[in-house]
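Student: Take this structure, written in structure tokens, and hold onto it; I'll ask about it next.
The values are calculated or read from the model by the stated rules, or taken from the named source; none is laboratory data. Computed from a predicted model, the values in this text were never measured in an experiment. Because the Cβ atoms are built from the backbone with ideal geometry, glycine has one as well, and the counts that use them run over all protein chains shown.
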Amino acid sequence: MKTPKIIIVFKYIILVIALIIFIGPIIYQVIAGFKTLGQIYDPAMIMSFSNLTLDTWKNAIIKEGFLHYLRNTMVTSLSATLLVMVFAIFAAYGLAKLKMTDRMRNNLSFEFLSMRMLPGIAVIIPIFVIFKKIGLLYTIPGLIIIYVVFNIPFAVWLLEGFFKEVPNEIVEAARIDGCSPRQELFKISIPLAGPGLMSVGILTFIFIWNEYMFASILTNDASRTLPVWAAYTTFQHYIINFAILGVSSTVMIVPVIIFAMLMQKYLVRGLSLGALKE
Amino acid sequence: MGEVLTGRTLENRNKGDHTWKIYIFPALFFLLLVGIAPLLYSLYISFHQYNLAKTQIAFKFVGFRNYWGLLSDAAFWNSFKLTIIFVVVAISLELILGTFLALLLLNDIKGRNIFRSLFLIPMVITPIAVGLMGRYIFEDNVGIVNFLLRKLSIPTPIWYGNPKIALSTMILLDIWEWTPFIFILVLAGLMAIPKEYYEAARVEGANYFGELFRITIPTVRNVFLLALMIRIIDAFKEFDKIYIMTKGGPDFATDLINIRAYTIAFKEFNIGVASAFSVMILILMIVLGTVLIRIIRKNV
């Protein structure tokens, strides 16, 4: 049974409209970074995209110190992601492949999952006070510590699924050949679960790269990350600067979009807590 | 549950029994130390008068005063009311729209993968960029939304400056951001249904709606539950894009629980009251999380 042509045409029309709604605003926002403020604030020129300029970009790099904040974000995201992966790989491997009672396995697994529900605001208030007392407030290491803690539960939950897919027979064979669990993990399980590990790493990186609330509390002028800088720089003058809004948004979203496109296959799986395979 | 036995000798096996602790405890310890221990400190602060901005106010024990203060504060109840409206309305519409899009893309569509990759974008981009985008496109005079409405001679609302409309605008933005999530999950669930199910139904003479309600929806029920759970938890935590757009205003119209607690803590520096607030948010999330995980574990 074939669907009538008219219905297929109708489907495409709806899909294209949906696409314009979901993608159009992002493109519009990116273009704002290449317009002059005069063009942006002239209602007659809303749909005119001629005479684009690089001035706002130059300004962001030279005057606003954008590169410094990009560096902060890169350092924070990369080191936090790396630490998350180290902690989570061991924990997930333990949960998936090491001998323990089923009851213990279930409880621990549940514990990691339930920590994903931890409301950030409840933790950040005491952390702010504690960090202030021990001198970690407004420092990048302080921010990294928080990101590591808040991203371990999700990473463990996902990695556990990926490690469980490594056939037990292979793991057992390696053990019988005299591999310790650690050797087995590095020589067999990690290579076999490689693509999964990669996707968890990238998802964790995206989450940290995108984070705003913790960063807005735990950073200052020097240690700001891109989202905090974007919020600050857009609103720093009396009127909102939509041109700098376009620039700061673009630098935040472009890397994420590239990553998402590359890792599309794993994204579904990651975002559905590992329940759906693609 | 396949368990891996290290085998070989008895000695080795006994040793193997405790290896898991070395693997799991570092992560768990770190989580407990930085994630859970501060909550106890927060509980302690919540019974004290503590203001970081006004040092002349002494840190002293006040019992339940912070809690009673909040419970008799209209802004506190307002924030819970708004959060529940936000969560229920946004997620319901996201479920409907996301499922609709997934059903559209399921059959006979060439370029499905391209559509799907593009629909992914709104949910992965930085929430602050989404909030800034909302600020720009919904702007009264130079925003593209009002520009298009004017072209179509439709009256233009003040999207985020009007207390009556602001929450709806936030819901709209949330739908824009998260409908793709439901869509992607439901599509993955739908594509996993074996074609034979539909063929069998057709042999028995089922029409489109018969298939929809007897095969499609029951089979993706688990996917719905999962999507619902993830979205509910995240929607209760909503902060970034609304804070960047309105800071909870105008006139408390978009003042969700997280924004209220954040304002008390980091704008008024009233750490005692904010701690009491966050303890209540925590209790809400524990109850909600436990119920949701129970449901998921029973069904999925």
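Student: Could you list, in sequence order, all residues of the stretch B:37-53 that are within 8 Å of another protein chain (Cβ to nearest Cβ), aliphatic (A, V, I, L, M) and farther than 16 Å from B:Asn66 by Cα?
Tutor: Of everything in the stretch B:37-53, just one residue is within 8 Å of another protein chain (Cβ to nearest Cβ), aliphatic (A, V, I, L, M) and farther than 16 Å from B:Asn66 by Cα, namely B:Leu39.
Student: Quick one: is A:Thr76 out of contact with any His (no Cβ under 8 Å at 6 or more places or on another chain), among the polar types (S, T, N, Q) and either facing chain B (nearest Cβ under 9 Å) or in a helix (DSSP H, G or I) (or both)?
Tutor: Details: out of contact with any His (no Cβ under 8 Å at 6 or more places or on another chain): yes; among the polar types (S, T, N, Q): yes; either facing chain B (nearest Cβ under 9 Å) or in a helix (DSSP H, G or I) (or both): yes.
Criteria met by A:Thr76.
Student: Right, here's the next one. With modelled with pLDDT under 95, within 16 Å of A:Val86 (Cβ to Cβ) and out of contact with any Pro (no Cβ under 7 Å at 6 or more places or on another chain) as the only criterion, which of A:Ala193, A:Ala230 stands out? Steps first, please.
Tutor: Numbers: A:Ala230 fails: within 16 Å of A:Val86 (Cβ to Cβ).
Just a single option satisfies the conditions, and that option is A:Ala193.
Student: Take the residues in the stretch A:211-266 that are of a type in the set (Gly, Ala, Ser) and outside any helix (DSSP H, G or I); name whichever of them is farthest from the chain's Cα centre (by Cα).
Tutor: First pass over the stretch A:211-266, keeping only residues of a type in the set (Gly, Ala, Ser): A:215-216, A:222-223, A:230-231, A:243, A:246, A:248-249, A:260.
Remaining after also requiring outside any helix (DSSP H, G or I): A:222-223.
Numbers: A:Ala222: 22, A:Ser223: 19 Å.
Checking each candidate, the answer is A:Ala222.
Student: Which condition number in (1) surrounded by 16 or more Cβ atoms within 10 Å (Cβ to Cβ); (2) facing another protein chain (nearest Cβ under 10 Å); (3) of a type outside the set (Asp, Glu) is the one that B:Arg297 fails?
Tutor: (1)
Student: Examine the stretch B:228-240 for a residue that is within 10 Å of chain A (Cβ to nearest Cβ), among the hydrophobic types (A, V, I, L, M, F, W, C), outside any helix (DSSP H, G or I) and touching a helix residue (DSSP H, G or I) at 6+ places or on another chain (Cβ under 7 Å), and state whether such a residue exists.
Tutor: Yes.
Student: Evaluate the following for B:Asn270: is it more than 8 Å from every other protein chain (Cβ to nearest Cβ) and not hydrophobic (A, V, I, L, M, F, W, C)?
Tutor: Numbers: more than 8 Å from every other protein chain (Cβ to nearest Cβ): yes; not hydrophobic (A, V, I, L, M, F, W, C): yes.
So B:Asn270 passes the test.
Student: Can you work out which of the residues in the stretch A:129-156 that are within 28 Å of A:Ser199 (Cβ to Cβ), in contact (Cβ under 8 Å) with a residue 40 or more places away in the chain and aliphatic (A, V, I, L, M) is farthest from the other protein chains (Cβ to nearest Cβ)?
Tutor: Only one residue tops the list, namely A:Ile140.
Student: In the stretch A:80-89, is there at least one residue being in contact (Cβ under 8 Å) with a residue 60 or more places away in the chain and within 30 Å of B:Lys267 (Cβ to Cβ)?
Tutor: So in the stretch A:80-89, the residues in contact (Cβ under 8 Å) with a residue 60 or more places away in the chain come out as A:80-81, A:83-85, A:87-89.
After this cut, where a residue has to be within 30 Å of B:Lys267 (Cβ to Cβ) as well, the list is A:80.
Yes: one or more hits.
Student: Here is a follow-up. Could you grab me the full set of residues in the stretch B:65-106 that are closer than 30 Å to B:Leu212 by Cα, crowded, with 17+ Cβ neighbours inside 10 Å and among the aromatic types (Phe, Trp, Tyr)?
Tutor: Passing the criteria: only B:Phe86.
Student: Further question: Of the numbered conditions (1) buried (at least 23 other Cβ atoms within 10 Å of the Cβ); (2) in a loop (DSSP other than H, G, I, E, B), B:Leu185 fails exactly one; give the number of that condition.
Tutor: That leaves (2) as the condition not met.
Student: Here are some residues: A:Met252, A:Met213, A:Met263. Which one is out of contact with any Ser or Thr (no Cβ under 9 Å at 6 or more places or on another chain), surrounded by 17 or more Cβ atoms within 10 Å (Cβ to Cβ) and within 11 Å of another protein chain (Cβ to nearest Cβ)? Break it down into steps so the answer makes sense when it comes.
Tutor: On the way: A:Met252 fails: out of contact with any Ser or Thr (no Cβ under 9 Å at 6 or more places or on another chain); A:Met263 fails: out of contact with any Ser or Thr (no Cβ under 9 Å at 6 or more places or on another chain).
Result of the check over A:Met252, A:Met213, A:Met263: A:Met213.
Student: Among the residues in the stretch A:176-189, are any under 26 Å from A:Ile121 (Cα atoms), among the hydrophobic types (A, V, I, L, M, F, W, C) and at the interface with chain B (Cβ under 10 Å from one of its Cβ atoms)? Even if it seems obvious, please write down each step before you answer.
Tutor: Let us first name the residues in the stretch A:176-189 that are under 26 Å from A:Ile121 (Cα atoms), namely none.
Looking through the stretch A:176-189, none of the residues is under 26 Å from A:Ile121 (Cα atoms), among the hydrophobic types (A, V, I, L, M, F, W, C) and at the interface with chain B (Cβ under 10 Å from one of its Cβ atoms).
Student: Checking A:Asp102 against (1) more than 13 Å from B:Ile24 (Cα to Cα); (2) buried (at least 17 other Cβ atoms within 10 Å of the Cβ): exactly one of these is not met. Which one?
Tutor: (2)
Student: Against the definition (more than 10 Å from every other protein chain (Cβ to nearest Cβ), within 17 Å of A:Pro191 (Cα to Cα) and either among the hydrophobic types (A, V, I, L, M, F, W, C) or over 23 Å from the mean Cα position of the chain (by Cα) (or both)), how does A:Leu159 come out, yes or no? If you could, list the steps in order and put the result at the bottom.
Tutor: Details: more than 10 Å from every other protein chain (Cβ to nearest Cβ): yes; within 17 Å of A:Pro191 (Cα to Cα): yes; either among the hydrophobic types (A, V, I, L, M, F, W, C) or over 23 Å from the mean Cα position of the chain (by Cα) (or both): yes.
For A:Leu159, the condition - more than 10 Å from every other protein chain (Cβ to nearest Cβ), within 17 Å of A:Pro191 (Cα to Cα) and either among the hydrophobic types (A, V, I, L, M, F, W, C) or over 23 Å from the mean Cα position of the chain (by Cα) (or both) - is met.
Student: Over 30 Å from B:Thr263 (Cα atoms) and of a type outside the set (A, V, I, L, M, F, W, C): which single residue out of A:Gly178, A:Gly142 fits that description?
Tutor: Numbers: A:Gly142 fails: over 30 Å from B:Thr263 (Cα atoms).
Every option except A:Gly178 fails the conditions.
Student: Could I ask something else about it? I want to confirm something. Restricting to the stretch B:117-149 and keeping residues that are more than 7 Å from every other protein chain (Cβ to nearest Cβ) and in a loop (DSSP other than H, G, I, E, B), which single residue is modelled with the highest pLDDT? Steps first, answer last, please.
Tutor: Initially, the stretch B:117-149 is screened for residues more than 7 Å from every other protein chain (Cβ to nearest Cβ), giving B:123, B:130-131, B:134, B:138-140, B:143, B:145-146, B:148-149.
From the residues that got through so far, the ones that are in a loop (DSSP other than H, G, I, E, B) too are B:138-140, B:143.
On the way: B:Phe138: 93, B:Glu139: 90, B:Asp140: 88, B:Gly143: 88.
This residue is B:Phe138.
Student: Right, B:Ile259: in contact with a Gly (Cβ under 9 Å, 6 or more places away or on another chain) and part of a helix (DSSP H, G or I) or not? Full working, then the answer.
Tutor: Details: in contact with a Gly (Cβ under 9 Å, 6 or more places away or on another chain): yes; part of a helix (DSSP H, G or I): yes.
Yes, satisfied.
Student: Under the condition of being among the small types (Gly, Ala, Ser), under 24 Å from B:Thr126 (Cα atoms) and not in a helix (DSSP H, G or I), which residue from the stretch A:21-66 is nearest to the other protein chains (Cβ to nearest Cβ)?
Tutor: Here is the first cut: in the stretch A:21-66, the ones among the small types (Gly, Ala, Ser) are A:24, A:32-33, A:38, A:44, A:48, A:50, A:60, A:65.
Filter once more, keeping what is under 24 Å from B:Thr126 (Cα atoms): A:24, A:32-33, A:60, A:65.
Adding the requirement that they be not in a helix (DSSP H, G or I) leaves A:33, A:65.
Working: A:Gly33: 11, A:Gly65: 18 Å.
Once the filter is applied, the top-ranked residue is A:Gly33.
Student: Would it be correct to say that A:Pro126 is closer than 30 Å to B:Asn270 by Cα and at the interface with chain B (Cβ under 8 Å from one of its Cβ atoms)? Before you say what the answer is, go through the steps one by one.
Tutor: Working: closer than 30 Å to B:Asn270 by Cα: yes; at the interface with chain B (Cβ under 8 Å from one of its Cβ atoms): yes.
Yes.
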